[in-house]
Amino acid sequence: MDRQAIAPWNEGDPLEAPGGAVYRVLPRGIWRLFSAVWLFFFLFPIFALPRTHPAAGQLLIVVTGTAMIVGIYLWLMLRRPFPDTAAVPPARWLPPALLALLTAWVIVLARTESKDWYWFFTYAGLAAGVAFPARRAIGIIVGLMVVTAIVGVMTVGWLQTGRIVFLVAAGGFGMIGVGRLLITIHALRAAQAEIARLAVAEERLRFARDLHDLLGHSLSVIAIKTALAHRLLPDAPERAMREMDDVQTVTQDALREVRDAVTGYRQPTLMAELANAREILAAAGIAYQCEDNVGTLPPAIESVLAWTVREGVTNIVRHSRARHATICIRHEHDTVRADISDDGEGKASDAPASPSGSGSGLRGLAERAAAVGGQIEAHSRPTGGFRLAATLPLNDEGLRAKD
């Protein structure tokens, strides 16, 4: 899914509220264009009309009939597409009445003006498949097929009738299929949003459990030893000091465990950072090129590359005033290299590269690279702008870092 917005899902929301399934999946303009594009076929009988030199009354009938057919067709297609249930009375009877009026006008024009109008039974089939609940639409379309066959036999003969009856069926049942497809897509998107919400909730619970497991025992020990030291201080200050030394040791161990847990929990991925980079650069109005053909990497190597992309893009957006940026990640023999460059002012930021406490800015990034046997290059470019590059080994030294 591109980053197209998913409509928020609330329990109890009707999937098929008026236009709900359609307009949650397609922009309104797309559905309106789809509905209107079929009106192109009205040009053929209208352009043929002047050749018949119609009288004023005849012209009035054609113009009125055309306006009625077009208006009713668009109303049925756009007002309440693909409803799950019929509207409550008296509005429930309006769509069938309008569909009957549309059909009547097609019959009038086909019988009195031109046999070309007979083909416009297809519009009644399309509108029936869109404007009514699926089960009701099936019955209406079958009825339209019967009417089309009867009128066709009296107007254009069996062969032409068979073709148009087929079009009525194809248009109507095809629209029913489109409606069910849109409803299914919307339901799947709602399910995906719900799954994502549950996954986030589960991850929060997991992290809360991890922190509880890490800190529960340590905090209990700290509380007990602190209370004991408080009681011992007046009579046995040396023992109280030993207890406080133990408290300091437990506290340092707990802090280290929390840092380790948070670092692992917030470990970035290269794919996510590249996606964020594209979004951030586009939002900042900076043109960019991005090349990534490295495939699967060891977690430790991928993490350093992800931090490199984050630091480089952060500096470009905040400080470079660049108009163009390039991100390139590629294999070079037994190494992998990330290269981030821009055409800005050629200055690097010393802003924190990570909240994990491993350093700041480019220094912290260099420490991360050194931990896997790699190195960082950061310098202004002779032609203008700034360049940040990370070269990381894929040999035994780099691969051991993932353990």
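What is the calculated FRET efficiency for residue 326 to residue 40, with r their C-beta to C-beta distance and R₀ = 45 Å, to the nearest 0.05? Once the sixth-power term is evaluated, E becomes 0.45.
Neighbour counting of Cβ atoms within 10 Å sorts the residues 93, 105, 307, fewest neighbours leading, into 93, 105, 307. This ranking places 288, 123 by how few other beta-carbon atoms lie within 10 Å of each, fewest first, which gives 288, 123. The ranking of 115, 225 from fewest to most other beta carbons within 10 Å of each one's beta carbon is 115, 225.
Using a Förster distance of 35 angstrom, determine the FRET efficiency expected from the C-beta separation of residue 63 and residue 150, and round it to 0.05. Computed FRET efficiency for residue 63 and residue 150 comes out at 0.85.
Label-to-label distance for residue 33 and residue 215 is 5.3 nm, based on points extended 7 Å past Cα in the beta-carbon direction.
Relative to the current alpha-carbon distance between residue 195 and residue 290, full extension at 0.36 nm per residue lengthens the span by 31.1 nm. For segment 143-248, the relative contact order comes to 14 percent (Cα pairs under 8 Å, sequence separation of at least 6).
When the chain is fully extended, how far beyond the present Cα-Cα distance does residue 363 get from residue 249, taking 0.36 nm per residue of separation? Mind showing how you got there, number by number?
On the way: separation 114, 0.36 × 114 = 41.04 nm, distance 2.89 nm.
Between residue 363 and residue 249, full extension yields 38.1 nm more.
Values quoted throughout were computed directly from the atomic coordinates according to the rules given, and no laboratory measurement underlies them. Just so you know, these numbers come straight off a predicted model, no measurement behind them. Reconstructed Cβ throughout: ideal geometry from the backbone, glycine too, with neighbour counts over all protein chains shown.
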